[in-house]
Every structure is written in C-alpha cells, then in structure tokens.
1. If you rank 63, 15 by fewest surrounding Cβ atoms within 10 Å, what's the result?
2. Among the listed pairs 86/111; 10/47; 10/96; 47/111; 10/86; 54/112, which are separated by more than 25 Å between their Cα atoms?
3. Could you check the simple spin-label distance between residue 87 and residue 107, using points 7 Å along Cα→Cβ, in nm with one decimal?
4. Which helices count as membrane-span-like in the chain under these terms: full DSSP H, at least 15 Å along the axis by C-alpha, Kyte-Doolittle mean of -1.0 or more?
5. Return the sequence-ordered ³J(HN,Hα) values of the range 129-138 in whole Hz as given by the Karplus equation 6.51 cos²θ - 1.76 cosθ + 1.60 applied to θ = phi - 60°, using x for Gly and Pro.
6. On each of the three principal axes of the Cα atoms of the range 53-139, give max minus min coordinate, whole Å, ordered largest first.
7. For a paramagnetic label modelled at 7 Å from the Cα of residue 130 toward its Cβ, which residues of the range 18-40 fall within the zone defined by backbone nitrogen distances under 18 Å?
8. Find out how many positive minus negative residues lie around residue 83, taking Lys and Arg as positive, Asp and Glu as negative, among other residues whose Cβ is under 15 Å from that of residue 83.
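No value in this document is a laboratory result; all are computed from the given coordinates. Quick caveat, the model's predicted, so the values are computed rather than measured. Cβ placement follows ideal geometry from the backbone for every residue including glycine, while neighbour counts extend to all protein chains displayed.
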Amino acid sequence: MVMNNTLASKLTQTWGNWLQQTPWDYFSTYTFRYDISSSRNERYMLKLEESLQKHAVSHKIFWVVEPTSNGFQSHSHFLIRGEEAKEHIFQFYQSKKLITSRNVVNDPYDKKLGANYYVSKTLHHAKAMYGMSYSVDLQ
C-alpha cells in the first residue's frame with residue numbers, strides 16, 4: 001500500500017510520539033555484508049526476537065527493515081533499550097556471519113532529537129517492515 005505524504009507524515013509523527021515514551025539507549029543501523037532481501041531480513045528479525053526471549057535478555061527494541069532502492073537488499077534500524085540487548089543483537093548477527101563491526105553503527109540515543117527524528121528516517125519507505133520486542137521487565 002502506498003501512502004500519500006500527509007498520511008505517511010501523520011503515521012510517522014504518531015509512532016514517534018508513542019516511541020518517545022521509552023527511554024531508549026541506542027539508535028543502531030546494521031548494513032549486511034551480503035545482499036539480504038527484505039523478507040529474509042524480516043525473518044532474521046523474528047529469529048532475533050526469539051533469541052532475546054530464549055536467552056532472557058532484558059530488552060526493548062523497535063526494529064525496522066528498510067529496503068534499498070534496488071530491491072535486492074535491505075538494512076536494519078533499531079531503537080534499543082538495554083546494553084545487554086545491544087550486545088546480544090550484535091552477537092546474533094555476527095554468529096550468522098552477516099556483519100562485521102564496521103557494518104554496524106550504534107549511536108547513543110539523543111533524547112533532544114526525539115523518536116520522531118529517528119523513525120522518520122526509516123518509516124518513510126512504503127515497503128518498510130517494522131516490529132517491537134520487549135522483555136517483561138521493560139514493557
């Protein structure tokens with residue numbers, strides 16, 4: 001579904017306002033070593049969520065799979081709460097040999113910029129996929 005600019009802007013603003021309620025620690029971008037399609041990337045995200053739960057990692061993440069313009073690859077963005085979660089996410093993708101440390105950017109979340117700033121970078125794409133995962137202690 002293609003949204004008009006007004007609707008897309010309103011959706012981004014609403015998401016950002018809701019996400020702003022969480023004291024995030026990081027905004028991360030993962031660029032893969034190989035071409036990873038959006039659908040494959042989404043499957044990795046769901047496996048990552050399972051891994052975080054299985055290992056009882058205290059976390060709250062908002063993730064976005066953003067396709068690139070060529071349609072053959074994608075990259076991932078995260079809002080992350082929890083140092084252990086940040087490390088677990090990195091180890092998860094590194095164990096699959098999909099990244100190296102130079103393919104990952106973990107910037108401290110700047111509360112002054114607000115969540116709208118971060119999600120507007122990622123949700124603008126009509127084919128972006130997104131989700132949220134959290135542990136019971138960080139609902």
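1. Working: 63 25, 15 19.
Neighbour counts put them in this order, fewest first: 15, 63.
2. Those over the limit are 10/47; 10/96; 47/111; 10/86; 54/112.
3. About 2.5 nm separates the two model spin labels.
4. Working: long enough: 5-19 (21 Å, -0.42); 38-54 (24 Å, -1.45); 83-95 (18 Å, -1.14).
Span-like helices in the chain: 5-19.
5. After applying 6.51 cos²θ - 1.76 cosθ + 1.60, I find 10, 8, x, 9, 9, 7, 8, 4, 6, 10 Hz.
6. On the principal axes, the range 53-139 reaches 37, 34, 21 Å in Cα extent.
7. 18-30, 38-39, by backbone N distance to the label point.
8. Net of charged neighbours comes to -2.
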